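Contents: one structure, followed by commentary.
The values are calculated or read from the model by the stated rules, or taken from the named source; none is laboratory data. Predicted model only: the values in this text are computed from it and were never measured. Here the Cβ positions follow ideal geometry from the backbone for every residue, glycine too, while neighbour counts run over all protein chains shown. The accessibility values were calculated without ligands, DNA or RNA, using every heavy atom of the protein model including side chains. Shrake-Rupley method; radii C 1.70, N 1.55, O 1.52, S 1.80 Å.
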Amino acid sequence: MKTFRGDIVFKVEPQVRLSKVIKVVGEKLQKERKHFRMMYEGSRVDDEDTIESLDAYDGDIFEVHEEQCG
């Protein structure tokens with residue numbers, strides 16, 4: 001894992017569940033899972049998704065957004 005200008009860069013094996021990445025992102029942001037969401041190509045990433053299941057490629061960007069309350 002590397003950080004560049006607020007970006008967090010991960011190397012993830014294609015078959016690894018993204019729940020592991022989401023957990024590390026939460027720790028890095030110091031936020032519980034319910035307070036943010038991870039998006040890929042406009043769709044929400046589920047805990048069971050993998051790089052392979054999303055057909056993602058090296059260098060693709062996953063966005064993290066804070067959940068808004070109210």
Fill in the blank from the handout: Residue hits (region 60-70; open to solvent by 100 Å² or more (accessible area, probe 1.4 Å) and more than 16 Å from residue 6 (Cα to Cα)) are 68, 69, 70
Exercise for the section: Among the residues of region 13-58, write down those that are touching a Lys or Arg at 6+ places or on another chain (Cβ under 8 Å) and among the aliphatic types (A, V, I, L, M). Expected result: 22, 38, 45
Problem - Unmet criterion (only one of (1) at pLDDT below 90; (2) more than 18 Å from residue 10 (Cα to Cα)) for residue 65 - result: (2)
Handout entry: Tally, over region 23-59, of residues that are over 27 Å from residue 69 (Cβ atoms) and either part of a loop (DSSP other than H, G, I, E, B) or open to solvent by 70 Å² or more (accessible area, probe 1.4 Å) (or both)
Key = 9
Problem - So residue 13, is it open to solvent by 100 Å² or more (accessible area, probe 1.4 Å) and part of a helix (DSSP H, G or I) - result: no
Problem - Filter result for residue 20 (at pLDDT below 90 and either part of a helix (DSSP H, G or I) or among the acidic types (Asp, Glu) (or both)) - result: no
Problem - region 34-53 residues that are of a type in the set (S, T, N, Q), paired with ones that are in a loop (DSSP other than H, G, I, E, B) (beta carbon under 6 Å, 6 or more apart) - result: 50/15
